[in-house]
Amino acid sequence: MKMPFKKRSIGRRTLLRYSVAGGAAASFAAALGGCGETQVVTETKIQEVVKEVPVQKVVTKIVKEEVPVEIEKVVTKTVKEVVVEVQEKVVTKVVEKVVEVEKPKPQALTLVFSTWWPLEMVGHGVYTQKYIDVYQAKYPHVTIEYRNWPFGEYHTKLLTQAAAGTAPDVFAYSGIFFPKFVKAGGAYPIDELVRTDAEFEIEDFVEQSLRLSVVDGRLWGIPHIGNAWAVLYNQQVLEEAGVEDINEMDAAGRWNWETHLEALQKITTRDDAGKAERIGMNDPGLNVLGIHSWAWQNGGNLLNQPGLGEFVLNEPAGVAAVEWAADLVRNHQVAASPADAFGNSYAELNNGRFGLIYGWAIYSRVKGFPVDVAHPPSGPAAQTTVFHPNTLGIAAKTKFPEESWNLIALQLSKQGDLDQTKIMGVISRRKSNLLKMAEVVKGQFGIGHPEVVAQVIENGRTFDVTEFQQEIGNAITPVLQQIREGDDAQTKLDELKPVVDDILAPRRG
Amino acid sequence: MPSRVAARRGTGTDNAVRIKSLLIRVRPVSYRVLAYAAMIAVSLVLILPLLWLFAASLKTPQLVGATPRGIGEFFAALVPTDPHFENYVEALTKRPFGLWTRNTSIVVVAATVGTLLTGSMAAYAFARLRFRGKRFLFTTTLSTLMLPFIVTMVPQFLMFAKVPGPSSAGNWTDTLWPLILPHWFGGGAFFIFLMRQFFMTIPVELDEAARMDGAGFFRCYWQITLPLSGPVLATVTIFSFISNWNEFLAPLIYLASRQNQTLALGLQSFRGEFSTDYHLLMAASATMTVPVLLVFFFMQRYFLRGFVMSGLAGR
Amino acid sequence: MSLRQREEIAAYLLVAPWVLGLLLFTAFPMGASLALSFSEWNFLGDIKFVGLDNYRAMFTRDRDFVVSLGNTAYYTFIGVPLHTAFALLLALPLSSKLKGIRYFRTAWYVPSVTPAVASAILWILIYHPDFGLANTLLGLVKVPPQGWIFDSTMAKPAFIIMSMWSVGGQMIIFLAGLQGVPQELYDAASIDGAGRLRQFRHVTLPLISPITFFNLVIGLIGSFQIFTAAYIMTNGGPANQTLFYVLHLYRNAFEYLKFGYASTLAWGLFVIILFFTGLQFLGAKRWVYYEVKVD
């Protein structure tokens, strides 16, 4: 139910005054209209009515609901209502009209909303607080109770609450873990709510970002704060090491695996004892997220079919991609060892210990760093990267799906989406915002080439997430670590294949 | 061997004390200096984490995350050259630390008192009294320690969530009760086992003598055993205080709304998905360790040698 | 009423709160988890009884069960004797009457009160292969640098060394035990001409044996359940070398949402710990000295 457009707001007292004056004027009009008998009666009645409940009641409600009011009309009603007692016919008609003006006030309710950041947090917290305020102003009958738990334990907490039937109505959920939660029955399907909301253009979302929230053919969430894996580089370090600016290389079509390795070799310096003083890059992504990027660039993949697939990383393109990434550490020694990679990559990039890092395309923490963002290199097969959004969903057991949806729709509206970029420093997921986003971030977050960010998202891919994502991740990561330590990639990945296929077996039935 | 030692107990006390004081007087000074030097060295090694914690709490976020290059930088990192005391202001004022401290204090005090009282009662029965089913009950008690908490945690949570209770949701979650109540029912197998082991080292003749004087079992527990158990009661107090003060998992599971949280839970709000505000986390952590250290420092007077002896002397 | 009867009544009254708590807060959750170990449950759906399937899967299909059990056994059987001995070693000087000893006690206890996150970060810096304190110390005695928690072969020993740092709890229990040893026994022994070492062997060790026993039992139980350090510092890596049993259990419960199977793993661990604790109690009869007979 949408409120009529608000033309002008009138204070309650002003309105009362008008109605008194209007009452007198109307009675005068009635007097002009004829019958002297009525006139007398009416006049005395008016006096009473102004003081009494009915008039005030109508007025009060009008003011509270901020319905635009045409004053004369109200007055007429008031007077006619008064006249009621004298002329029966008119009465009935008018009373009906009054009822039309009155709108049932929505029941006050409390909506619980949860994420993994506190409202005090720079960026994320500011954004969330802002949209809670906007929401409460727009829907004054709803009070939002905000809750947050640390990311490491957030999903555990949500699970136990869902088990007890006390999960928050609206919640942020990690995109990787979400399908499992949906499969377990923790989320509320939102496709109907999306369809009936004319203002929320779901087509505007980058298609693949929605894919993570589709389970068993239904939509369960909308991509929330998301980001894409990109190259962030320290311009000063590159200059010192005699490496050409990465964006210039890219523009000239010379930013590929070979030049990438050359750049890393130039950056890396060692002392007499062989300890690395400056290292080419951070961890080269020997984990589930990073390995997708390298495999795609080489024309390979982890699984051959979204969701239902089989493990194919042990095929030539995949093996070569794993070897390429592992060699950066074990052979060329130009990427951070696990020990080096453990610290805060962004801090190490800032203090010049790393020349470049693979990190999120827009990251609010890099504010003030001498860095720029670039596209990952083009591999033998393609230039692409990983795009990874999280999700906003609704609890399966919520009592207020409509209100819950409104909270999601507001935060992920065109403006909300853009504000996420502006305030939180995350990427947009709405096509219509991709270019605007570039303007918003220009000069912020150490970004000199904002158009690259939009490009990264358009070129980026989401990887196929099923409810078995974590099992697969826990199976693959140790194997990648063994390969990094020197084990043979082909052998290890061949051994891994039956393990991953076994995990996915229930999907194939 | 043990029985021979026990048989000697209580003999030659006066002579021994005299001789011992003589021994202390003639001990060469260099021995004591050596002992101090060694202990100071050990202290430095052991206190390193706390030093580092305090140092990190005074740094800028960029510096905390960086890996020190070389041993020189490692130790230099312990002495911040440009201390940022405003980290403390930021960490402690932006969140309702006062409220969280209040909640935590309530839990800690209530839980510790409950454990000391009901736990020592059970421990005394296990250590001193004969009753049917004792062996079975004691074995069961110990076995409760052997199931990982993260498994029993979920059914226990569901119990508190389903049973009608005082919270706004009509159950016991999001209140401090689930964090306190279990401690008033024995306080857990660890403390009962600990106290039982100590009660068993207290000479049983003390109880026997008291009972000959007409004391009942409760008086033996309250007036003989407990006063002789200073060290272990202090240990229980310290452990209970610290574990409840730092407890993270149970508050995480039971508490939901902001105003009901505890310090350890609130502390974690500095940890983010991809990054952590280490400087603030460390500042808040450092503040949180102060009360614990104070409790430890002042409780240890109950460790003084002679506490047990004074009981023996009064025999 | 006989004395025996009065003793029994007193005993039942004294253990009553604990028995009640045991039933309410422990027996029920344990029973529930036992029932769940024969079921499939994802927290939100219905509980489905699957008989012995979970137990069968544990022994036949779950590779990480074997891996994690091996890691945990290594950590426990090497770690527990080491850090129990270390705790006693630290407690001995602290029980002396040296001036200012309370400051030393506080200082030595500090590692146990440092928040886990802080000490985890610190230990990562200590174990840094290039710049860490650990390799620098090794360098002084001409030992080649190690990879510590970042190296498959060194990760578990690194965790054991780290656990030695935080033996404060056991140290305090030993300290309390040492305080309970009557001074007169030492005096008597020294009159008999016993040196410090012999006093320690023949007076201290027997008298604190119930405390040593306690520390060993609790140490074993706790060590089998190691979780937090591995969760924060390595998340099971490198190459599953620190995938300890409870971490594997945690993943099954809260990441894979197989709470039934996680309960099976828990009861598997329960039986294993029960077995080794039972062995300890059997062995205790030979070396633990009590003031009263246990029955």
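Consider C:Leu94 carefully, then state whether it is under 24 Å from A:Ala164 (Cβ atoms), within 12 Å of chain B (Cβ to nearest Cβ), touching a residue at least 12 places away in the same chain (Cβ under 8 Å) and buried (at least 20 other Cβ atoms within 10 Å of the Cβ). It is false that C:Leu94 is under 24 Å from A:Ala164 (Cβ atoms), within 12 Å of chain B (Cβ to nearest Cβ), touching a residue at least 12 places away in the same chain (Cβ under 8 Å) and buried (at least 20 other Cβ atoms within 10 Å of the Cβ). Only one entry in A:Leu356, A:Leu392, A:Leu407 is closer than 16 Å to A:Gly285 by Cβ and either more than 10 Å from chain B (Cβ to nearest Cβ) or at pLDDT 90 or above (or both), namely A:Leu356. In the set (1) crowded, with 22+ Cβ neighbours inside 10 Å; (2) under 30 Å from C:Gly236 (Cα atoms); (3) within 10 Å of chain B (Cβ to nearest Cβ); (4) not basic (Lys, Arg), C:Asp187 fails one condition alone, (2).
I'm trying to understand the selection: among the residues of the range A:326-340, which are part of a helix (DSSP H, G or I) and touching a strand residue (DSSP E or B) at 6+ places or on another chain (Cβ under 8 Å)? Hits for the range A:326-340 are A:Leu328, A:Val329, A:Asp340. For B:Phe241, state whether it is at the interface with chain C (Cβ under 9 Å from one of its Cβ atoms) and aromatic (Phe, Trp, Tyr). No, not satisfied.
Looking at the structure I just gave you, is C:Ile208 of a type in the set (A, V, I, L, M), under 19 Å from C:Ala284 (Cα atoms) and at pLDDT 85 or above? So that I can check it myself, show each step before the final result.
Values: of a type in the set (A, V, I, L, M): yes; under 19 Å from C:Ala284 (Cα atoms): yes; at pLDDT 85 or above: yes.
Answer is yes for this residue.
The residues of the range A:103-117 that are crowded, with 22+ Cβ neighbours inside 10 Å and either more than 14 Å from chain B (Cβ to nearest Cβ) or not hydrophobic (A, V, I, L, M, F, W, C) (or both), listed by number, are A:Ser114, A:Thr115.
Scanning the range A:326-341 for residues that are of a type outside the set (Ser, Thr, Tyr), within 34 Å of the chain's Cα centre (by Cα) and surrounded by fewer than 23 Cβ atoms within 10 Å (Cβ to Cβ) returns A:Pro338, A:Ala339, A:Ala341. Scanning the range C:1-31 for residues that are crowded, with 19+ Cβ neighbours inside 10 Å and within 18 Å of C:Ala253 (Cβ to Cβ), we see that the one that is nearest to the other protein chains (Cβ to nearest Cβ) is C:Pro29. Restricting A:Tyr173, A:Tyr146 to those that are in contact (Cβ under 8 Å) with a residue 12 or more places away in the chain, within 14 Å of chain B (Cβ to nearest Cβ) and either among the β-branched types (Val, Ile, Thr) or surrounded by fewer than 20 Cβ atoms within 10 Å (Cβ to Cβ) (or both) reduces the list to A:Tyr146.
Criterion applied to C:Asn42, C:Asn54 was being surrounded by 22 or more Cβ atoms within 10 Å (Cβ to Cβ), more than 9 Å from every other protein chain (Cβ to nearest Cβ) and in contact (Cβ under 8 Å) with a residue 60 or more places away in the chain, and the one residue passing it is C:Asn54.
Note on the range B:178-195: residues that are at the interface with another protein chain (Cβ under 9 Å from one of its Cβ atoms), under 18 Å from B:Arg135 (Cα atoms) and either of a type in the set (A, V, I, L, M, F, W, C) or in a helix (DSSP H, G or I) (or both) total 5. Residues of the range B:88-133 that are small (Gly, Ala, Ser), more than 14 Å from chain C (Cβ to nearest Cβ) and surrounded by 18 or more Cβ atoms within 10 Å (Cβ to Cβ): B:Ala110 alone.
Listed by position, the helices (runs of 4 or more DSSP H) contained in the range B:75-165 that have at least 1 residues being touching a residue at least 60 places away in the same chain (Cβ under 8 Å) are B:86-93, B:97-114, B:120-128, B:149-162.
Put simply, of A:Glu467, A:Glu458, A:Glu485 the only residue that is modelled with pLDDT under 90, outside the structural domain of A:Tyr188 (by TED's automatic domain parsing) and within 29 Å of A:Glu248 (Cβ to Cβ) is A:Glu458.
Criterion applied to A:Gly152, A:Gly125 was being more than 30 Å from C:Leu249 (Cβ to Cβ), in the same structural domain as A:Ala187 (by TED's automatic domain parsing) and modelled with pLDDT under 95, and the one residue passing it is A:Gly125. Is it the case that the range C:222-244 has a residue that's modelled with pLDDT of 90 or more and farther than 30 Å from C:Phe150 by Cβ? Within the range C:222-244, none of the residues are modelled with pLDDT of 90 or more and farther than 30 Å from C:Phe150 by Cβ. If you go through the range B:253-267 and keep only what is at the interface with chain A (Cβ under 10 Å from one of its Cβ atoms), buried (at least 22 other Cβ atoms within 10 Å of the Cβ) and in a helix (DSSP H, G or I), you end up with B:Ile253, B:Tyr254, B:Leu265, B:Gly266, B:Leu267. Remark: pairs (first residue in the range C:66-90, buried (at least 16 other Cβ atoms within 10 Å of the Cβ); second residue assigned to a helix (DSSP H, G or I) and charged (D, E, K, R); Cβ separation under 7 Å; 6+ apart in sequence or on different chains) = C:Asn71/C:Lys156; C:Tyr74/C:Lys156; C:Tyr75/C:Lys156. You will find that of C:Tyr245, C:Tyr289, the residue that is at the interface with another protein chain (Cβ under 9 Å from one of its Cβ atoms) and surrounded by fewer than 22 Cβ atoms within 10 Å (Cβ to Cβ) is C:Tyr289 and no other.
Is it fair to say C:Ala176 is facing chain B (nearest Cβ under 7 Å) and within 21 Å of B:Phe239 (Cβ to Cβ)?
Numbers: facing chain B (nearest Cβ under 7 Å): yes; within 21 Å of B:Phe239 (Cβ to Cβ): yes.
Considered against the rule, which asks whether it is facing chain B (nearest Cβ under 7 Å) and within 21 Å of B:Phe239 (Cβ to Cβ), C:Ala176 comes out as yes.
Could you list all residues from the range B:211-225 that are under 16 Å from C:Ala10 (Cα atoms) and either within 11 Å of chain C (Cβ to nearest Cβ) or out of contact with any Gly (no Cβ under 8 Å at 6 or more places or on another chain) (or both)? Full working, then the answer.
The first filter runs over the range B:211-225 and keeps only residues under 16 Å from C:Ala10 (Cα atoms), leaving B:211, B:214-225.
Selection gives B:Arg211, B:Gly214, B:Ala215, B:Gly216, B:Phe217, B:Phe218, B:Arg219, B:Cys220, B:Tyr221, B:Trp222, B:Gln223, B:Thr225.
Has the range C:135-149 got at least one residue that is facing chain B (nearest Cβ under 9 Å) and either surrounded by 22 or more Cβ atoms within 10 Å (Cβ to Cβ) or among the basic types (Lys, Arg) (or both)? For the range C:135-149, residues facing chain B (nearest Cβ under 9 Å) and either surrounded by 22 or more Cβ atoms within 10 Å (Cβ to Cβ) or among the basic types (Lys, Arg) (or both): absent.
The values are calculated or read from the model by the stated rules, or taken from the named source; none is laboratory data. Only a predicted model underlies this, so the values are computations on that prediction, with no experimental measurement involved. In this analysis, Cβ positions are derived from the backbone assuming ideal geometry, glycine residues included, and neighbour counts consider all displayed protein chains.
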